[in-house]
Amino acid sequence: MAMPQDVWLHLSRDCVDFRQVCGHEYHSTCECTDAYGTVSTMRIALHNCIVFSLGLTAIALAQSMPAADSVDAADSFLGPWPPACVACLQADGAIEIDGRLDEPAWIEQAAITDSFMHPRATEPPTDATSMRMCWDETNLYIAISMWDATMEASDQGRANAAPADQWVQLFFDPNGDTHRYFELTIGPDDRKRGMTFARPPRHAGSIGADIDVSSVVFAAGIDGRRDSSAVHDQHWVIEIAVPWTIITEATRDESPRLNERWRMNAARLRVTAAEDDAKSLLTSTWSAQRSSDLHEPEYWGVVEFRDASADKAAPAVPPEYRAAWSLREYDHALRRWLEADEARSLDDLSTFDCRISPAITWSWPPRLNQSGSTYALEITSNASDVLVLRSDGRLLWRSGQ
């Protein structure tokens, strides 16, 4: 069966064979043979998917876009707003990576995020997930708590062992331009993988490159007690220390300064078995996405780095982030308007009716600067700050000070 034209696959070096994909129904059944010859069968909801492999099981990251011929200029397919926000305080004391979260930094300093959501949904998943973070001069510390209604009593003794059917993915874009970002995946059996992306995979020719993450330390544990009357009182904990040296090498940015903000996201991926032994992938994220594609850095959350004595209340979203959101939504609407009619071009913008709400105190509509096949959209604030969105998706900011 032919694949939809807007579906592409990226298979890691671990995956030797990936076949039997059915794209039109936006569901797939595949067999993935790892380097050890073990076959795992999965049924994956595609929605124009990007598929990665981590060891024995493929992880599907989906992207859903309407067909071009259904586009109306007034239908902007808006992304989520506002992004999730969290304060990340400096750790007041050492943190031991043991999966326990019993240090004062975790108990007293670290803010706990709201429960993760399905990427495009307004309701949380059945099994809740939350995250907390803190930092020092050497590492960024992240703890993911994952409630699981299917935990067995025998799991209680599985100290330092991650759940066999679940993964955690972390995404880092320090300067928020959506280019040159870092993805860290942690899975069962002490598996971890790092990849750096020059730009999101939705851009043609953009493929992630592996990066050495051997110095990342993590441990898994189980918190709480289980009895027959309380299914959700027990949860997995994944405690992670990510050296700044890895993040700065992957993103070519510096480690954070006090009160600096980064764009980041976190995802929990879980494989569930069906009656026919096929497997489905369930995904939830900290900051909501416009689609099921996790590689949309423009919708990742905001992390503000603070000192140890600071307030741990979530930061407010800076006003320039709202302006950048409006600029991107305008670009989404413009692209869909062009795709809806092959005869249209950037020279016809006088007929483009975009109803994206403009950012307050910023010039609107955006000014278009075209050079050959590329273009840039530009808006200016009352304070002479300038935001530029290039046609390759990169966002640039220039201060008017």
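Each reported figure results from applying straightforward, stated rules to the coordinates on display, with no laboratory input. Bear in mind the structure is a predicted one, so any value in this text is a computation, not a measurement. Cβ coordinates were reconstructed from backbone atoms using ideal geometry, including for glycine residues, and neighbour counts include every protein chain displayed.
Annotations
- Taking 7 Å steps out from each Cα toward its Cβ at Thr351 and Thr138 produces label points 6.4 nm apart.
- Between Gln401 and Asp114, the simple spin-label model (points 7 angstrom out along Cα→Cβ) gives 3.0 nm.
- Placing +1 on the Cβ of every Lys and Arg and -1 on the Cβ of every Asp and Glu, with no other charges, gives the stretch 249-399 a dipole of roughly 400 debye about its Cα centre.
- Our estimate of slack between Ser280 and Ile360, defined as 0.36 nm per intervening residue step minus the Cα-Cα distance, is 24.5 nm.
- Order of Thr185, Thr272 - criterion: other Cβ atoms within 10 Å of each residue's Cβ, fewest first: Thr272, Thr185
- In this structure, the amide hydrogen of Ala288, modeled 1.01 Å from its nitrogen in the peptide plane, lies closer than 5 angstrom to those of Ala84, counting only residues at least 5 positions away or on a different chain.
- Note, ³J(HN,Hα) from phi for the stretch 384-392, Karplus 6.51, -1.76, 1.60, rounded to Hz, x at Gly and Pro: 6, 5, 10, 10, 10, 10, 7, 5, 8
- Stokes-Einstein D in µm²/s, Kirkwood radius over Cα pairs - the stretch 287-401 at 25 °C with 0.890 mPa s viscosity: 153
- Per-residue HN-Hα couplings for the stretch 236-253 [Karplus 6.51, -1.76, 1.60; θ = phi - 60°; Hz; x = Gly/Pro]: 6, 10, 10, 9, 10, 10, 10, x, 4, 4, 5, 5, 5, 5, 5, 9, 6, 10
- Ranked Arg322, Arg328, criterion: other C-beta atoms within 10 Å, fewest first: Arg322, Arg328
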